[in-house]
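Heads up: the structure comes next, in structure tokens.
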Amino acid sequence: MKIYEMTYSEIETSKDIRPDEVLDAFYNRITDVEDKVKAFISIYERRENPKTKPKIIAVKDNILVEGKKTTCASKILESFIAPYDATVVGKLKENGFYIVGKTNMDEFAMGSSTENSAFFPTHNPWSISRVPGGSSGGSAAAVAAGEVPLALGSDTGGSIRQPAAFCGVVGFKPTYGLISRYGLVAFGSSLDQIGGFARSVEDVAKLSNIIAGKEDLDSTSLNNSVEDFTRLLKRPIKGLKIAIPREFMSNALDKGIKDQIEKTIYKVEDEGAVVEEVSMKMMDYATAIYYIIAPAEASSNLSRYDGVRYGLSKSDPSLKHQYMKTRDAGFGPEVKRRIMIGTFTLSAGYYEAYFEKAQRARTKLIKEFNDVFSKYDYIVGPTTPTVAFKIGEKVENPLQMYLQDIYTIPANLAGIPAISVPIGIVDGLPVGLQIMGKRFKDAEVLNLAYAVEQMVNFDYTGGMKKLDEGLGDEDEK
Amino acid sequence: MKMRNDYKIVIGLEIHAQLLTKTKMFCGCSTEYSFDDPNTNVCPVCMGMPGALPITNEQAIRFGVKAALALNCRVNLYSRFDRKNYFYPDLPKGYQISQYKYPLAEHGYLPIETPNGEKKVRIRRLHLEEDAGKLIHQSDKIDTAEYSLVDLNRAGIPLAEIVTEPDMASPREARIFMEKLRNILRYIDVCNGNLEEGSLRCDANISLVDPETGRSTPRIEVKNINSFKFVEHALEYEANRLRRFFEGDKDVVRETRGWDSKLQMTISQRGKEEENDYRYFPEPDIPPIVLREEFIEEIKGELPELPDAKKKRFMQMYNIPEYDASILVSSKELANFFEECCAKYDKPKIVSNWIMTEVLRELKERGVEINETKITSKHLVELLKEIDKGTISANTAKSVLERAFETGEMPNEIVEKQGLKQISNADEIRKIVQKVVEENPKVVAQYRGGKTKAMAFFIGQVMKVTRGKANPKMVNQLVKEALESPEE
Ligand SMILES: [Zn+2]
């Protein structure tokens, strides 16, 4: 087995690998495949040989690393150098992690394909003509391509789980508030959550242990931290109660994916878990709620990019025109669209009809989750309605793109932990299973995810192999 | 139509008070910024850097609650921050974190004494928010300036915004309210109340109503009022201008006007201030403020004696007139000074007289509070005791006090050094009187011829010779004796 194919845990525990070998393996891998994958916005120069085995990780380019560019894949921050470390980055550094670079994303995390990057799209290692998903597409692709064993992403409406599903890796969004958002460039503050990508559930649990924890710089960071994310990994799942919402298995779901999900659920039942179908009527409103709340918060969060203190600045004798010119040149079409939606839904005369109503609906949706969770330990279903689509396929149709997140958005609205684990292949492309749990029951979510991982025995190196064999280009024929 | 004077004036105030917390509202930067170089008292949070998040300053909440209680407000157990969205270069995040829907406190009042008796001005609400930075324009306005500079040292300083109901019926009342509010905020140590330096700011809404028809003028918001004097001047100016509305002046429209203290008039800020939709929504980065009753009770217990209570106590305890008491409590420092003096000198009315005349004059001339001078209660008490002992006359004492303000020396030292000790030795004075009488036989004759006013001349002469040190009572008596003694 090649070093870059190994998981973070395998590298850590293997005794016969030297520290410089680890560094070489991943830097060489990046050199070999990055031209095809385009997962990174910045790749840091290889530093001198480390004394201990480096814990290689990539960081999404909306998380600040002091002294390094943090662009959010936007022209408005193209030359912005972070003046401080995000809390999670500080924790990585304290724990001896080696950051190799910053990964590509949809501009300001707005998108589901990484095509909204102002710089270039990222390619799915399983098929380079396809998108890696988004917005953390660079992180997911980098892990799938063997460029890094671990990566950080952020998840506002599915931005970790959807690309994880598309790229055949594990992507975990912990409970809202368990991981400090300080230093994560804000998109939808009440929804944003940092989380990790890896090629095993165990790795993602270990990474969560490093980056989680109450912290004073984020008022929404919570005290009820999980003591150890890995603590329940190997617990038998016998007797655990799982709900499958009927709404998640409807016509919108691709037939092949549906089959894979059902197959996996049978296996879970075989292990002694109790699986039942439930109805969650509010799930049909989740996307509508999200596309009011997230753009509203975003329209305000992005106001600071005004060309006055940092970032792109287009000067004009009139203050108003300075703002307009700067923001027109700095933001891409999807970001502008969401700023406009958000500005509209917060405007006098529309606030009650949109924002306030969406807030009330969100409360109702949370109640529905609580009701289901009073009877079940988990809610399980697909991560995405389709497998990875072609680059360019949906760019002209934002609504189609928004529907990519129908299954992932509810967990953000409710602030609950959710994970995507790969469970199989449809049309040569990976399929993800989504597992959601109760707030603060992150270890429980990882428990079921680990059990599923053991059952399906998914080949995490499939993407690397297809990339190496040039098979990824096959549907070009 | 004739110009009338019976229109009802309606004034409401919106006050911003910078809170005296150690650190800013949402970050750890200091609140003492005025001597710093521009943009040095800043951090990622108050500069609106990407990824930075606010942390609410607990001391600011305490100070807000304290002010609310002092203003008789109901403190809300649940309050929340909202974002007020607008673009301006002094606003780093593109929104101000403020409280809109659920303010910290509501429904208060402050009683004020007006020329027509006491009246209650209702406080609609008190909420917390963050201050903006400062702009320095190359010329006087942002739109005509070649460039403007942004200084964010002030950005994020905690503010309490206090909004009154439109309960003030004259510019004079508005001023009285502001003075009283400032006094209270200083009593409870939450704001230093300096209008000139902007640590206390006042915007006023004013309109006029015709009591006969009930017709009302448009409401005008007057900004940039940076002294107590200007509160009155600006509103008087504006009230006069608004009267023209009833004569059909089309220029009187609803707008914001700024007070120009040089021109002594208000100037329209129309065009600059477009009708803004602030798109308020709940601040997602900060959980709501949920207070416990015990917390509020605890702060209530920390409240010091407030001016009105102190005034009543002074009148009773020291038996001084209401007028004296209200002047003495108009500043916390002055009231403390008075009480310190009374503790060591048991004639409160005399202490009060000296404070209200000589001490206040000195303070006014120097533009300082008593605690910022070199004078302590020891100085005044020693001075008063020396007068009582007859060592110095009251007149001399005034100049001794002046000197003490100057140098901080104790009165005794000054008297000693400058040889100001009063001459109360009858023989010594009699000799001088004798001499003066002998040197002015003509005037003596006039006096004795019935021109009794000539006595003043002799007293003056004696004082001149003694450089004011002679005991005036004795001089009086001895001159009389000398003039009326039978001729030899
Ligand atoms: Zn600061």
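Structure values in brief
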{"item": "Average partner coverage of B:50-60, which counts Cβ from other chains inside 10 Å", "result": "6"}
{"item": "Shape parameters for chain A, alpha-carbon atoms, Rg then Dmax in Å", "result": "20.9, 71"}
{"item": "Length added when fully stretched, B:ALA482-B:GLN418, from 0.36 nm per residue minus Cα-Cα", "result": "20.0 nm"}
{"item": "Dipole moment magnitude, nearest 20 debye, region B:139-198 about Cα centre, only Lys, Arg, Asp, Glu C-beta charged", "result": "260 debye"}
{"item": "Kirkwood hydrodynamic radius of region B:305-417, from inverse mean 1/r over distinct Cα pairs, in Å", "result": "14.2 Å"}
{"item": "Positive-end residue of B:VAL150, B:ILE112, B:LEU195, charge dipole of region B:101-199 with Cβ unit charges", "result": "B:ILE112"}
{"item": "Cα lying deepest toward the dipole's positive end in chain B, options B:MET455, B:VAL444, B:LEU159, charges on Cβ", "result": "B:VAL444"}
{"item": "B:TYR147 paired with A:THR31, simple spin-label distance in nm, labels 7 Å along Cα-to-beta-carbon", "result": "4.6 nm"}
{"item": "Per residue accessible area in Å² of chain A, where ligands, DNA and RNA are left out and the probe is 1.4 Å", "result": "35 Å²"}
{"item": "Modelled label reach - B:ARG467, point 7 Å along Cα→Cβ, region B:382-400 residues with backbone N closer than 20 Å", "result": "B:387, B:390-400"}
{"item": "Number of partner chain Cβ atoms within 10 Å, mean per residue of A:175-182", "result": "1"}
{"item": "Cα-centred dipole magnitude for region B:420-488, charges only on beta-carbon of K, R (+1) and D, E (-1), debye, nearest 20", "result": "400 debye"}
{"item": "For peptides B:162-169, B:435-442, B:218-225, sequence by mean Cβ density within 10 Å, most packed first", "result": "B:162-169, B:218-225, B:435-442"}
{"item": "Cα centroid separation - region B:77-114 against region A:318-382, whole Å", "result": "24 Å"}
{"item": "Accessible area buried, both sides summed, chains B and A with 1.4 Å probe, Å²", "result": "3000 Å²"}
{"item": "Extension gain, A:SER318 back to A:GLU5 (0.36 nm per residue minus Cα-Cα distance, nm)", "result": "107.1 nm"}
{"item": "Stokes-Einstein translational diffusion, chain B - Kirkwood Rh over all Cα pairs, 1.567 mPa s, 4 °C, in µm²/s", "result": "48 µm²/s"}
{"item": "Distance between modelled label sites at A:SER374 and B:VAL290, nm, 7 Å Cα→Cβ extension", "result": "2.0 nm"}
{"item": "Solvent-accessible area, 1.4 Å probe, carbon plus sulfur percent, for chain B", "result": "49 percent"}
{"item": "Residue pairs, from the table B:LYS66/B:LYS229; A:LYS60/A:LYS314; B:LYS119/B:LYS398; B:LYS120/B:LYS229; B:LYS119/B:LYS332; A:LYS102/A:LYS281, whose Cα atoms sit over 30 Å apart", "result": "B:LYS119/B:LYS398; A:LYS102/A:LYS281"}
{"item": "Per residue value of the accessible surface for region B:16-66 (all protein chains in place, 1.4 Å probe), Å²", "result": "40 Å²"}
{"item": "About the Cα centre, charge dipole magnitude for the protein assembly as shown (Lys/Arg +1, Asp/Glu -1 at Cβ), debye", "result": "2540 debye"}
{"item": "Stokes-Einstein D (µm²/s) once Rh is taken as the Kirkwood radius of the protein assembly as shown over alpha-carbon pairs, at 20 °C in 1.002 mPa s", "result": "64 µm²/s"}
{"item": "Largest to smallest accessible area among B:TRP259, B:TRP354 [probe 1.4 Å]", "result": "B:TRP354, B:TRP259"}
{"item": "Euclidean distance between Cα centres, region A:24-92 to region B:129-201, Å", "result": "45 Å"}
{"item": "Efficiency of FRET between B:LYS8 and B:TYR109 - r from beta-carbon atoms, R0 22 angstrom, step 0.05", "result": "0.60"}
{"item": "B:TYR278/B:MET315 FRET efficiency (R0 56 Å; Cβ-Cβ; nearest 0.05)", "result": "0.75"}
{"item": "Inter-probe distance in nm under a simple model that places probes 7 Å from Cα toward Cβ, at A:ASP20 and A:GLU45", "result": "1.8 nm"}
{"item": "Positive-end residue of B:LEU483, B:ALA426, B:PRO472, charge dipole of region B:426-484 with Cβ unit charges", "result": "B:PRO472"}
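The values are calculated or read from the model by the stated rules, or taken from the named source; none is laboratory data. Quick caveat: nothing in here was measured; it's all calculated off a predicted structure. Heads up, the Cβs are rebuilt from the backbone with ideal geometry, glycines too, and the neighbour counts pull from every protein chain shown. Side chains are part of the model used for accessible areas, which takes the heavy atoms of the whole protein and leaves out ligands, DNA and RNA. Shrake-Rupley method; radii C 1.70, N 1.55, O 1.52, S 1.80 Å.
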